[in-house]
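My questions all concern the structure below.
The values are calculated or read from the model by the stated rules, or taken from the named source; none is laboratory data. Because the structure is a prediction, the values reported are computed rather than measured. Methodologically, a virtual Cβ is constructed for each residue, glycine included, from the backbone with ideal geometry; neighbour enumeration extends over all protein chains shown.
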Amino acid sequence: MGSLDKPNALRLITLFSGSVKGMAFYPPSHPAIRQPLMELYKTLTTALSGGEYVSWGLIDGIMFFDDHLFLSPSTAIADLTERMMEKEIARIIANPSVSFDELELFVKLFSSRNVRFDTLSAQMAEGGITSIKLVRHGDESFDHGDDDAEITSDGDHIASYNRALSAVRMICSDIELGRIPGSAPLIKVVDEMVAITMEEPWSLLGLTMIKDYDNYTFTHCVNVGVLSMALGAALDLDIMSVRDLGIAGQLHDIGKVMIPKNILNKPGKFSSAEYDEMKRHPELGSKIIREMDGLAPHISSVVLGHHLHYDRSGYPQWATQLPFNQMIDIVAVADTYDAITTLRVYQHPVNPKRALDEMQKLKGTILNGSIVESFIEMMGDYPVGTLVRLDTNEVALVYRPNPLDGKAPLVRIVIDGEGKRLRVPREQVLIGPDGSRYAEIVAVVDPLLKDIDIGQLITGGITEAA
Ligand SMILES: [Fe+2]
Ligand SMILES: [Fe+2]
């Protein structure tokens, strides 16, 4: 077993991911790559100081290092996950004899974009790398020590969420490279998500509170897919429509990849020329989707129409007279909700409950009123991910709805009655099965004021490998 605690294990993964990325831009001797590489080697040597090998890679799409699982998708983890999936590598194993030169060469070989498992293994053998080994995806039975990482069903849902994130990232990077993206990985993960949505919609809904500000477009796309699927299921649509909503939602903003970055990331207001440019993203996205294999024509149509607005006052104007199905109204509601609840450079995030109030005001104009009503009903009085104050003065996170009583959801207590932050959040039923009352919700709390990362908290109560 390795000798790194979780923060250092995460540091090692982050350094590895960063070194791999940097190697694509700089020669190994450049300080920008040399420095993280040296630190990576130092951290790896510490991990190996126990005399046994260490390994890192993916279990069910979740990044791990030895016994530590990393459930929150940071940029570095998402980057590395994508590369490992692309290369069909499940696991990297290093033994204590690893030298700096071997590590440096390995990082260099690993950083080549189009090199997969077989070629990479051959190049490693040719370069004399003997202390680092790879395990191919699908061949995970390879003995890797005693890390019987147990992932709970929440963990499975997080793994699906992460896989969706990787699929969307891959599609976007293909578009950036001028390639027509494949649709198979996305369809596969949406199929998984449909099954979860039909059974326990709230488990994925909670994950939409993960807002990764560095990767806004990707997380936003996945969140809109999840919210659209849940709403489709709440509206009793058939399973194929729920699936198409998931695909359309996750692809709805991919056209943004083709909008210049300086416009896309501009804080503050757009000039009218910039706004015109921005408004091209539904058309650009739908055009790409039409060229992708295996996607029904109405998916590109949903993407084309997601900003048309219910009253057709939106864009693209030329498309206002086209016939669209109800899916554009569903995706538009999901899109609006996720955008309102996300913090961006120019916008303070609005809590889920207030976001629903804001959406009430858009009924009949921007959004379809009856779909908004169904969405509000689905989200409940206190949507999953809302931070609330109880009459015991405790602060808690809503993380499961209570179908019997919308005002008494299942919560995780985060701050105790004295204002002290709990190291491990405590699960609490507000009203027991016998009707006994623990506490009542008295107000909604702003997570920023309490310095609380809701996404982290939603994924935080998961049982991790010991
Ligand atoms: Fe959009
Ligand atoms: Fe959007």
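If you check LYS279 against the conditions, is it within 15 Å of ligand 2 (Cβ to nearest atom) and more than 23 Å from the chain's Cα centre (by Cα)? Quick ask: steps written out before the conclusion?
Numbers: within 15 Å of ligand 2 (Cβ to nearest atom): yes; more than 23 Å from the chain's Cα centre (by Cα): yes.
Here the answer is yes, as LYS279 does meet what is asked.
A quick yes/no check of all residues on (1) within 23 Å of the chain's Cα centre (by Cα); (2) under 30 Å from ASP446 (Cβ atoms); (3) within 15 Å of ligand 2 (Cβ to nearest atom); (4) basic (Lys, Arg):
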site: GLY285; (1), (2), (3), (4): yes, no, yes, no
site: LEU308; (1), (2), (3), (4): no, no, yes, no
site: ALA319; (1), (2), (3), (4): no, no, no, no
site: LEU322; (1), (2), (3), (4): no, no, no, no
site: GLN326; (1), (2), (3), (4): no, no, no, no
site: THR341; (1), (2), (3), (4): yes, yes, yes, no
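Suppose we filter region 195-241 for residues that are assigned to a helix (DSSP H, G or I), closer than 17 Å to MET379 by Cβ and either over 13 Å from the mean Cα position of the chain (by Cα) or within 16 Å of ligand 2 (Cβ to nearest atom) (or both); how many remain? Talk me through it step by step, then tell me what you get.
Step one: of region 195-241, the residues assigned to a helix (DSSP H, G or I) are 195-199, 201-207, 213-234, 239-241.
Imposing the further condition that a residue be closer than 17 Å to MET379 by Cβ reduces the set to 197, 201-207, 223-234.
In the following step, the residues that additionally are either over 13 Å from the mean Cα position of the chain (by Cα) or within 16 Å of ligand 2 (Cβ to nearest atom) (or both) were identified as 197, 201-203, 223-234.
Result for region 195-241: 16.
Looking at region 26-33, is at least one residue among the hydroxyl-bearing types (Ser, Thr, Tyr), surrounded by fewer than 21 Cβ atoms within 10 Å (Cβ to Cβ) and at pLDDT 85 or above? Quick ask: steps written out before the conclusion?
Quick first cut of region 26-33, residues among the hydroxyl-bearing types (Ser, Thr, Tyr) only: 26, 29.
Still in the running and surrounded by fewer than 21 Cβ atoms within 10 Å (Cβ to Cβ): 26, 29.
This time we only want the ones that are at pLDDT 85 or above, so: none.
Checked against the condition, which is being among the hydroxyl-bearing types (Ser, Thr, Tyr), surrounded by fewer than 21 Cβ atoms within 10 Å (Cβ to Cβ) and at pLDDT 85 or above, region 26-33 yields no hits at all.
Suppose we filter region 183-194 for residues that are out of contact with any Ser or Thr (no Cβ under 7 Å at 6 or more places or on another chain) and either assigned to a helix (DSSP H, G or I) or of a type in the set (Lys, Arg) (or both); how many remain? Working first, answer last.
Residues of region 183-194 out of contact with any Ser or Thr (no Cβ under 7 Å at 6 or more places or on another chain): 183-188, 190-191, 194.
Cutting the leftovers down to either assigned to a helix (DSSP H, G or I) or of a type in the set (Lys, Arg) (or both) gives us 184-188, 190-191, 194.
Of the residues in region 183-194, 8 are out of contact with any Ser or Thr (no Cβ under 7 Å at 6 or more places or on another chain) and either assigned to a helix (DSSP H, G or I) or of a type in the set (Lys, Arg) (or both).
Take the conditions buried (at least 17 other Cβ atoms within 10 Å of the Cβ) and polar (S, T, N, Q) and apply them to SER313. Does it pass?
Numbers: buried (at least 17 other Cβ atoms within 10 Å of the Cβ): no; polar (S, T, N, Q): yes.
So SER313 fails the test.
Still on this structure: Can you tell me how many residues within region 385-404 are surrounded by 13 or more Cβ atoms within 10 Å (Cβ to Cβ) and at pLDDT below 85?
Selection size over region 385-404: 5.
On to the next question. What helices (runs of 4 or more DSSP H), lying completely within region 255-312, carry at least 3 residues that are without any contact (Cβ under 8 Å) to a residue 12 or more places away in the chain?
Details: elements: 261-264, 272-278, 281-291, 297-305.
In region 255-312, the matching helices (runs of 4 or more DSSP H) lie at 272-278.
If you don't mind, another one. Checking LYS266 against (1) modelled with pLDDT of 95 or more; (2) away from ligand 2 (no atom under 13 Å from the Cβ), which single condition isn't satisfied?
Condition not satisfied by LYS266: (1).
Also: What's the number of the condition LYS108 fails, among (1) under 28 Å from MET209 (Cα atoms); (2) touching a Pro at 6+ places or on another chain (Cβ under 9 Å)?
(1)
In this structure, does ASP244 turn out to be acidic (Asp, Glu), crowded, with 17+ Cβ neighbours inside 10 Å and either modelled with pLDDT under 95 or more than 13 Å from ligand 1 (Cβ to nearest atom) (or both)? Quick ask: steps written out before the conclusion?
Values: acidic (Asp, Glu): yes; crowded, with 17+ Cβ neighbours inside 10 Å: yes; either modelled with pLDDT under 95 or more than 13 Å from ligand 1 (Cβ to nearest atom) (or both): yes.
Here the answer is yes, as ASP244 does meet what is asked.
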